[in-house]
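In what follows, a structure is listed as structure tokens, so that the remarks can point back to it.
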Amino acid sequence: MRSFTIFLTALLLGLTSAAPAADLSFADWLAAFKSEAVAAGIEQSVADQALGDIQPIDRVLELDRKQPEFTMTWDEYLAHTASPQRVADGKKLLAQNRQQLRKIGRDHGVPAQQLVAMWGIESNFGHNMGSFSVVQALATLAYDGRRSQYFRGELIKALTMVQRGVRPENMRGSWAGAMGQCQFMPSTYLNYAQSASGQAPADIWSRQEDVWASTANYLSGLGWKSGEPWGMAIRLPKRGLAPVLFGLDHPRPLKDWSRLGVRRADGSKLTGPPEMKLALLHADAAKDGSGGTAQIFLVGDNFRALLHWNRSFFFALAAGTLADRVASR
């Protein structure tokens, strides 16, 4: 009897992996997924509690299918992401929480202003976290079939969070499953979320210190190097520079860029460790970092850490720029 049950479960799991949503009702899919979750180590009571009698969210599917085409220019994106209001709010929050932010920053080697910048970009300092049930949204996307394998994995991770003490009703976030004030996917939460006080589980929804500690831990895990700048806006010498010098795959020591006549955007000389390697990059560069016509930057390894957070040149450059503006007098 047990062998037949295992065979039946395997058959159902195969159907959920291979069949389009139209070929399997959501109720049947959910029953099979619960079996898959239990086989992956989720307690039956947790699967029943978190998944219950949930239904697909039509709005999630609508948003997934109608994601707006990205048409902003770099100047428009930066004006939105690092708006004067966001900079002012960031400065105020940095001043109000300077001691805690600096301590968390020192513990992970990440500057306090960068923690504030990520907080501002991801959720407008906790004001825009999303209102969807993360478990229900992920189940909707896992059932949908377009990217089911990825979202099935994230749904298992979300159930793991519940098993470790996070209340499913508190797991609110974006339509795609990003959660809390730092907008972590469940897999990111499990790998990097951290409680500043040591009180588990980490609460990235309502405890600001946990948001900052989790952000710092994630950036550190992505390769952030303590004491190095992320990069800087620059101006080229009047004669320009050869296109071959542009691109993330062509870093050179800072001293070489200085020798070539590169200056900061305000015309001042480049400053920093002479041997620190930086790459030349247009804000609107192609995926390989070449080409483009927008503002020009020199970027280092910490830019790459920001790029790992979100694989968009605009995002990474804006995150660094916002941090600089928050820290400025």
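In region 105-134, what residues are of a type in the set (Ser, Thr, Tyr) and surrounded by 18 or more Cβ atoms within 10 Å (Cβ to Cβ)?
Residues satisfying the conditions are SER123, SER133.
Within region 213-234, count every residue that is at pLDDT 95 or above and exposed (fewer than 15 other Cβ atoms within 10 Å of the Cβ).
3
Residue by residue, here is whether (1) part of a loop (DSSP other than H, G, I, E, B); (2) acidic (Asp, Glu); (3) touching a strand residue (DSSP E or B) at 6+ places or on another chain (Cβ under 6 Å); (4) exposed (fewer than 13 other Cβ atoms within 10 Å of the Cβ) holds:
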residue: ILE42; (1), (2), (3), (4): yes, no, no, no
residue: ALA47; (1), (2), (3), (4): no, no, no, no
residue: ALA50; (1), (2), (3), (4): no, no, no, no
residue: PRO56; (1), (2), (3), (4): yes, no, no, no
residue: LEU61; (1), (2), (3), (4): no, no, no, no
residue: THR71; (1), (2), (3), (4): yes, no, no, yes
residue: TYR77; (1), (2), (3), (4): no, no, no, no
residue: GLN85; (1), (2), (3), (4): no, no, no, yes
residue: ALA88; (1), (2), (3), (4): no, no, no, yes
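Are any residues in region 164-211 buried (at least 16 other Cβ atoms within 10 Å of the Cβ) and among the acidic types (Asp, Glu), and if so, which ones?
Of everything in region 164-211, those that are buried (at least 16 other Cβ atoms within 10 Å of the Cβ) and among the acidic types (Asp, Glu) turn out to be ASP203, GLU209, ASP210.
Of all residues in region 210-233, how many are charged (D, E, K, R) and in contact with a helix residue (DSSP H, G or I) (Cβ under 6 Å, 6 or more places away or on another chain)?
Residues that pass the stated criteria total 2.
State which residue is farthest from the chain's Cα centre (by Cα) when the search covers only region 117-172 and only residues that are among the small types (Gly, Ala, Ser), in a loop (DSSP other than H, G, I, E, B) and under 19 Å from ASP58 (Cα atoms).
Step by step, filter region 117-172, then rank; the result is GLY145.
Only residues that are at pLDDT below 95 and of a type in the set (S, T, N, Q): list them for region 36-54, please.
If the condition is that a residue be at pLDDT below 95 and of a type in the set (S, T, N, Q), then GLN49 is the only one that fits.
Of everything in region 306-329, what is among the aliphatic types (A, V, I, L, M) and either surrounded by fewer than 23 Cβ atoms within 10 Å (Cβ to Cβ) or outside any helix (DSSP H, G or I) (or both)? Give them in sequence order.
Correct list: LEU307, ALA327.
The values are calculated or read from the model by the stated rules, or taken from the named source; none is laboratory data. No experiment lies behind these values; they were computed from the predicted model shown. Don't worry about glycine lacking a Cβ; one is built from the backbone with ideal geometry, like all the others, and counts go over all protein chains shown.
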